[in-house]
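The values are calculated or read from the model by the stated rules, or taken from the named source; none is laboratory data. Please read these numbers as outputs of a predicted model, since none were measured by experiment. Backbone-built Cβ (ideal geometry, glycine too); neighbour counts: all protein chains shown. Side chains are part of the model used for accessible areas, which takes the heavy atoms of the whole protein and leaves out ligands, DNA and RNA. Shrake-Rupley method; radii C 1.70, N 1.55, O 1.52, S 1.80 Å.
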Amino acid sequence: MKTRAQYIHELFAHEPDGLRAIRSAMTNPDDQISVPPEDGRLLQLLVSMIGAKKIVEIGTLGGYSSTWMSRALPDDGVIYTLEHEPRRANIAEEHFKKYAAGQHIEVIRGRALDNLPDLSSKGPFDLIFIDADKINYANYLDWAEVNVRRGGLIVGDNTFLFNAVLDNQTTDRVRETALAAMQDFNTRLANPEKYLSMMLDTGQGMTVAKKL
Ligand SMILES: C[S@@+](CC[C@H](N)C(=O)[O-])C[C@H]1O[C@@H](n2cnc3c(N)ncnc32)[C@H](O)[C@@H]1O
């Protein structure tokens with residue numbers, strides 16, 4: 001019998017050629033941490049639903065999720081995507097040239113927390129997608145909640161934190177600091193006075209919040 005995930009994957013997560021090429025090119029085992037096609041499609045849908053034109057992504061890797069989002073952007077849309085590993089930033093730029101609407105995507109190199117303050121001048125933003133080091137999720141949210149427009153979206157990936165948030169338990173893989181940051185992130189975004197929000201039971205958990 002098929003699982004629900006297989007059914008969704010087969011019916012809704014058709015991966016266009018360019019997207020498949022990006023994922024196939026990420027052969028280094030350490031690099032196989034892009035969102036799955038289902039989540040790429042979901043991000044594209046969110047971008048399209050709110051008519052986003054200005055997006056920030058924290059955590060570029062090889063450009064897979066950015067490329068999904070770029071495919072819902074209008075011609076004058078832009079994505080600023082932040083990556084601290086030069087090798088990954090280089091790969092992403094190559095991928096954007098080949099497979100994305102390259103003029104829409106700017107890779108900002110270096111530690112995200114160092115670069116976000118300068119990026120504020122380009123805002124406010126329609127959608128901010130957080131998909132980088134878990135320990136800084138609460139810090140990224142501090143920046144995002146000021147720099148997303150009213151009605152815009154803050155989206156966080158991996159927000160189950162490998163299930164550590166469920167019972168508030170550290171594991172071999174999840175230290176106390178990352179657990180505390182993710183609990184803070186989800187709890188703040190669940191506040192109905194500030195956000196209309198939901199946590200989606202994607203494989204890794206995706207928290208989606210519209211700023212009120
Ligand atoms: C899960 S991957 C991003 C996946 C990508 N969003 C996708 O789905 O295609 C996380 C990325 O964040 C980068 N990263 C981690 N910590 C960072 C930091 N402090 N500043 C900028 N980038 C960081 C990592 O090098 C890695 O490429």
> Do you know the Lys pair count in the chain for C-alpha distances under 13 Å, with sequence separation 8 or more or different chains?
Replying inline: 4
> Rounded, prolate or oblate: which fits segment 172-212, taking a ≥ b ≥ c as square roots of the Cα gyration tensor eigenvalues, rounded meaning a/c under 1.5, else prolate when a/b beats b/c?
Replying inline: oblate
> Ignoring any ligand, DNA or RNA, what whole percent of the accessible area of segment 2-69 comes from carbon and sulfur when the probe is 1.4 angstrom?
Replying inline: 58
> What residue among ILE154, ILE50, VAL165 has its Cα farthest toward the positive end of the dipole of the chain, where the charges are +1 on Lys, Arg and -1 on Asp, Glu, each on the Cβ?
Replying inline: ILE50
>> How would segment 50-106 be classified by its alpha-carbon gyration tensor: rounded, prolate or oblate, with rounded meaning a/c under 1.5 and the a/b versus b/c comparison settling the rest?
In response: prolate
> Could you give the accessible area per residue of the chain, probe 1.4 Å, as a whole number in Å²?
Replying inline: 51
> Where in segment 179-212 are there trypsin sites (Lys or Arg not before Pro) that are in a DSSP coil and have at most 14 other Cβ atoms within 10 angstrom of their Cβ?
Replying inline: LYS194
> Quick one: Kirkwood hydrodynamic radius for the chain, alpha-carbon pairs, angstrom, one decimal?
Replying inline: 17.3
> For the chain, what does -39500 (n - 2.57) per DSSP helix run (n ≥ 4), summed and divided by total residues, give at 222 nm, in deg cm²/dmol to the nearest 500?
Replying inline: -12000 deg cm²/dmol
>> With a cut-off of 8 Å between alpha carbons and a minimum separation of six or more residues, what is the relative contact order of the chain in percent?
In response: 16
